[in-house]
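The values are calculated or read from the model by the stated rules, or taken from the named source; none is laboratory data. Computed from a predicted structure; not experimentally measured. A quick note on method: Cβ atoms are made from the backbone with ideal geometry, for glycine too, and the neighbour counts reach across all protein chains shown. SASA here: full protein model, heavy atoms, side chains in, ligands and nucleic acids out. Shrake-Rupley method; radii C 1.70, N 1.55, O 1.52, S 1.80 Å.
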Amino acid sequence: MSVIEKYNEILNSVKEVSKQANHHVDILAVSKTQCVEKMTELALNNVKMFGESKVQEAVPKIEYLSSKYNDLEFHFIGKVQTNKLKKIVEYFSLIHSVDRLDVLPLIDKYAHELNKKQNILIQINIAYEMQKNGIDPVLLDDIIKSALDYKNITLKGLMFMPPYEEDVTKNIPYFKQAAALFYKYKNDTFNILSMGMSHDFKEAVMCGATLVRVGTSIFGERV
């Protein structure tokens, strides 16, 4: 199957499960480590949203694709490093992985310099996995209040990555907890819950995800 055929297969699955869940769901095509040719095939077929995790790898792809196609969105889904933040703010429309207070003033500063409002998600670590980034949910109130104080930041919602489980139903309680936090704050602006990947997006959507991050099922294994 071609990349666009795989994407359309995922799209149909997402539409089916989102109909059951009774809310709209977007697909982020996670293109990290993938070649620009595969991304081009999607862009040619009106796929607009791509996810990248490494600035150095992403920038050439973003510059190339943006010069040829209109209205593409690039989302940053990797670890937010302060020395890479200026480039992240410059090239990405949405940062999924804001996980600490000290990056907020820098994001605001660079967004001001670029005359833009930077969209962000707060990454939460409900499962308290040491190897994963994300804030303790008990700190969520504080970081949300802080983010709302910055003129050049727009807080769009939450991002969550559960533990990897072969049996994805084991993560349903985590998905439900993430959704409960999201709906506690949800409003017209705070309206994205980014959770669910290739192997568990159906369960994530049924629990409330509004955006799923799908890479392997679209592009194949990472190269």
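The set of residues from the range 10-30 being farther than 27 Å from Ser66 by Cβ and either under 19 Å from the mean Cα position of the chain (by Cα) or part of a helix (DSSP H, G or I) (or both) comprises Asn12, Ser13, Lys15, Glu16, Val17, Ser18, Lys19, Gln20, Ala21, His23. Residues in the range 1-17 that are of a type in the set (Ser, Thr, Tyr) and open to solvent by 50 Å² or more (accessible area, probe 1.4 Å): 0 in all. Output yes when any residue across the range 84-102 is out of contact with any helix residue (DSSP H, G or I) (no Cβ under 9 Å at 6 or more places or on another chain), in a helix (DSSP H, G or I), at pLDDT 95 or above and open to solvent by 50 Å² or more (accessible area, probe 1.4 Å), and no when none is. No; the residues of the range 84-102 include none that is out of contact with any helix residue (DSSP H, G or I) (no Cβ under 9 Å at 6 or more places or on another chain), in a helix (DSSP H, G or I), at pLDDT 95 or above and open to solvent by 50 Å² or more (accessible area, probe 1.4 Å). For the range 164-201, the candidate set comprises residues that are β-branched (Val, Ile, Thr) and open to solvent by 60 Å² or more (accessible area, probe 1.4 Å); within that set, the residue that is modelled with the highest pLDDT is Thr189.
Just one residue in the set Leu106, Leu140 is out of contact with any Phe, Trp or Tyr (no Cβ under 6 Å at 6 or more places or on another chain), farther than 22 Å from Glu203 by Cα and either open to solvent by 20 Å² or more (accessible area, probe 1.4 Å) or among the aromatic types (Phe, Trp, Tyr) (or both); that residue is Leu106. Does the range 47-56 contain at least one residue that is within 26 Å of Gln81 (Cβ to Cβ), of a type in the set (D, E, K, R) and surrounded by 13 or more Cβ atoms within 10 Å (Cβ to Cβ)? Yes, that holds for at least one residue. Out of Lys151, Lys116, Lys156, Lys132, one residue alone is under 20 Å from Val214 (Cβ atoms) and in a loop (DSSP other than H, G, I, E, B). It is Lys132. Might you let me know whether the range 179-191 holds any residue that is under 14 Å from the mean Cα position of the chain (by Cα) and not aromatic (Phe, Trp, Tyr)? Taking every residue of the range 179-191 in turn, at least one turns out to be under 14 Å from the mean Cα position of the chain (by Cα) and not aromatic (Phe, Trp, Tyr). Would you tally the residues in the range 147-163 being among the aliphatic types (A, V, I, L, M), farther than 19 Å from Gly78 by Cα and open to solvent by less than 60 Å² (accessible area, probe 1.4 Å)? Summing the residues that are among the aliphatic types (A, V, I, L, M), farther than 19 Å from Gly78 by Cα and open to solvent by less than 60 Å² (accessible area, probe 1.4 Å) in the range 147-163 gives 1.
Per the conditions (1) out of contact with any helix residue (DSSP H, G or I) (no Cβ under 9 Å at 6 or more places or on another chain); (2) within 29 Å of His199 (Cβ to Cβ); (3) part of a helix (DSSP H, G or I), the sole criterion not satisfied by Lys145 is (2).
What's the total number of residues in the range 31-81 that are within 21 Å of Ser217 (Cα to Cα), touching an Asp or Glu at 6+ places or on another chain (Cβ under 8 Å) and not in a loop (DSSP other than H, G, I, E, B)? Result for the range 31-81: 7. Looking at the structure I just gave you, is Lys117 in contact with a strand residue (DSSP E or B) (Cβ under 7 Å, 6 or more places away or on another chain), charged (D, E, K, R) and either open to solvent by 70 Å² or more (accessible area, probe 1.4 Å) or within 14 Å of Thr189 (Cβ to Cβ) (or both)? Yes; evaluated as a whole, the condition is true for this residue.
For (1) of a type in the set (S, T, N, Q); (2) more than 30 Å from Lys86 (Cα to Cα); (3) touching a strand residue (DSSP E or B) at 6+ places or on another chain (Cβ under 6 Å), each residue gets a yes or a no:
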site	(1), (2), (3)
Gly134	no, no, yes
Ile153	no, no, yes
Met159	no, no, yes
Ile172	no, yes, no
Leu181	no, no, no
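Within the range 86-102, residues that are under 15 Å from Glu63 (Cβ atoms) have Cβ atoms under 7 Å from residues that are among the charged types (D, E, K, R) and modelled with pLDDT of 95 or more in these pairs: Ser93/Glu73, counting only partners at least 6 apart in sequence or on another chain.
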